[in-house]
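Q: Submitted below is the structure of interest, expressed as C-alpha cells.
The values are calculated or read from the model by the stated rules, or taken from the named source; none is laboratory data. Keep in mind that what you see is a predicted model, and the values were worked out from it rather than measured. All Cβ positions, even for glycine, are placed from backbone atoms using ideal geometry, and neighbour counts span all protein chains on display. Areas reflect the complete protein model, heavy atoms only, side chains present, ligands, DNA and RNA absent. Shrake-Rupley method; radii C 1.70, N 1.55, O 1.52, S 1.80 Å.
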Amino acid sequence: MAATAPLCDFGWKAVDARLPGVDGRTSSILDHAGPRGLVVAFICNHCPYVKAVIARIVRDARDLAGAGIGFVAINSNDALTYPEDSFEDMQRFSAGHALPFPYLYDEDQSVARTYGAVCTPDFFGFNAAGELQYRGRLDASRKEAVDQGLRRDLYEAMLEVARTGRGPAEQHASIGCSIKWKSPS
C-alpha cells in the first residue's frame, strides 16, 4: 500500500538522536550533516519503491556530498512483522548496494515518529542551520524505469538549499510503502 507524505514544514528544526549503524557503531544523526546541509532519508530493505530507486539514492547522495550536503538513512520498520527489515538484513542491504552513507536502525521508531515519516522512501532536506527546506520525493519515477530526462527533485532541491539556504516553494510529496509501525503494547 502506498503512503503519501505531507509537504514541507519550512524551518522545522532537525532533531538529533543516537542510533546503531550497520557499521557496528552508534551514530548521531546530525553528526552526518555537511557544511551546507543534511538529507535524512527513511528507507528500508523490503520496500519495492526503495528497491527501485536505491541506485539513484546512492548516486544523489554521492553527488550531494560534493555540494557540501551530508546524507544519512534510517530504517524504522517493525522487523518482527517484516523480518526482511532486520538489522542483519540492513547490513547485507548496505553492503550489497555499497551505501556511501550511514544506515541507522530506529528500532523503537521514536525518530520516525518525531520526524513525522510516513513512507519509504521519505526524504527530509535541511539547510546548514538545521532547518527543514525540503520534504519530498527523490524523483517522479516511483517504481517505474527511469526516463533519461527525469528531473532529480531531491538533488535539485538540495543544490538550491546549498546555494541559498532555502528550498524550492514547489515540492512533490514522497510516495512509497507505509512505515511498518509496531502494534501498541
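Q: Within region 169-182, which residues are open to solvent by 20 Å² or more (accessible area, probe 1.4 Å) and touching a residue at least 12 places away in the same chain (Cβ under 8 Å)?
A: Within region 169-182, GLN171, HIS172, ALA173, ILE175, SER178, LYS180, TRP181, LYS182 qualify.
Q: Considering only region 107-142, state which residues are more than 17 Å from CYS177 (Cα to Cα), in a loop (DSSP other than H, G, I, E, B) and either out of contact with any strand residue (DSSP E or B) (no Cβ under 7 Å at 6 or more places or on another chain) or open to solvent by less than 50 Å² (accessible area, probe 1.4 Å) (or both).
A: Matches in region 107-142: GLU107, ASP108, ASN127, ALA129, GLY130.
Q: Hey, among PHE126, PHE101, PHE93, which residue is of a type in the set (Phe, Trp, Tyr) and farther than 19 Å from LEU38 by Cα?
A: PHE93
Q: What about GLY149, is it part of a strand (DSSP E or B) and either open to solvent by 50 Å² or more (accessible area, probe 1.4 Å) or modelled with pLDDT under 95 (or both)?
A: When the stated conditions are applied, GLY149 does not pass them.
Q: Quick check on ARG166: is it open to solvent by 30 Å² or more (accessible area, probe 1.4 Å), under 17 Å from CYS47 (Cβ atoms), in a loop (DSSP other than H, G, I, E, B) and out of contact with any Ser or Thr (no Cβ under 6 Å at 6 or more places or on another chain)?
A: Answer is no for this residue.
Q: Further, regarding this structure: Do we find a residue being in contact with a strand residue (DSSP E or B) (Cβ under 9 Å, 6 or more places away or on another chain), over 19 Å from ALA117 (Cβ atoms) and aliphatic (A, V, I, L, M) anywhere in region 75-90?
A: no
Q: I need the full set of residues from region 135-185 which are within 15 Å of ALA67 (Cα to Cα) and of a type in the set (Asp, Glu), in order please.
A: Those that are within 15 Å of ALA67 (Cα to Cα) and of a type in the set (Asp, Glu): GLU156, GLU160.
Q: Pairs needed: first member in region 52-78, at positive phi and of a type outside the set (Lys, Arg); second member anywhere, open to solvent by 10 Å² or more (accessible area, probe 1.4 Å) and in a loop (DSSP other than H, G, I, E, B); C-beta distance under 6 Å; at least 6 residues apart or different chains.
A: GLY68/PRO35; GLY68/ARG36
Q: Within region 55-83, which residues are more than 13 Å from ASN45 (Cβ to Cβ) and of a type in the set (D, E, K, R)?
A: ARG56, ARG59, ASP60, ARG62, ASP63
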